[in-house]
Amino acid sequence: MRRRGTKLTPEDLEQALRSSSTTAERIEALLALGIPPEILARGLGVRSASTLRNWTSAEIAPRPTTAIALDDLRLTAQVLLEGGLPPARIGSWLMSRNAEWLGGERPIDCIATTPMRVLSAAQDTVIELADTNETGTEALPRLMAIDPAGKPPE
């Protein structure tokens, strides 16, 4: 198992976050994004980081509900990566409190219970990032940018 913060090339990271990736690849990618093993284990609802090591060595497989939570976490990281959030910031995003979408909870702590809310928060982050990149500053929400006739600004 890779240590937290181990660098993967962008191509390796994209490959490890695909829906066809193995359990070991998913865990290695999430650790490479800077998530400590203990926090990743807690977010997935397992007892300890040693369980993650057992999964990466293929000694045991995750239970079905845990495999689903791991896939939801993989998808969230993939959305953030493909949306332009730098890899070094994805782990921080997953471990930071989110007041707007998650009531102040951390995405990694909510992934097993409210995965769609976590994914919505990730997609919102990507939209905000795209708006910031378009204007160089934080843009107004898209709905506010539509004129009363329903036409977007030119």
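The values are calculated or read from the model by the stated rules, or taken from the named source; none is laboratory data. Bear in mind the structure is a predicted one, so any value in this text is a computation, not a measurement. Neighbour counts run over all protein chains shown; Cβ positions are idealised from the backbone, glycine included.
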Do we have any residue at all in region 50-64 that's closer than 17 Å to Ala16 by Cα, touching a residue at least 12 places away in the same chain (Cβ under 8 Å), among the hydroxyl-bearing types (Ser, Thr, Tyr) and assigned to a helix (DSSP H, G or I)?
-> yes
If a residue has to be under 22 Å from Glu28 (Cβ atoms), of a type outside the set (D, E, K, R) and either in contact with a strand residue (DSSP E or B) (Cβ under 7 Å, 6 or more places away or on another chain) or buried (at least 17 other Cβ atoms within 10 Å of the Cβ) (or both) to count, how many in region 88-118 make the cut?
-> 11
Confirm whether Arg26 is in contact (Cβ under 8 Å) with a residue 40 or more places away in the chain and assigned to a helix (DSSP H, G or I).
-> yes
Would you check if Leu85 is more than 14 Å from Ile39 (Cα to Cα) and either at pLDDT 95 or above or touching a Phe, Trp or Tyr at 6+ places or on another chain (Cβ under 6 Å) (or both)?
-> no
Across (1) assigned to a helix (DSSP H, G or I); (2) surrounded by fewer than 16 Cβ atoms within 10 Å (Cβ to Cβ); (3) in contact (Cβ under 8 Å) with a residue 40 or more places away in the chain, Gly84 clears everything bar (1)
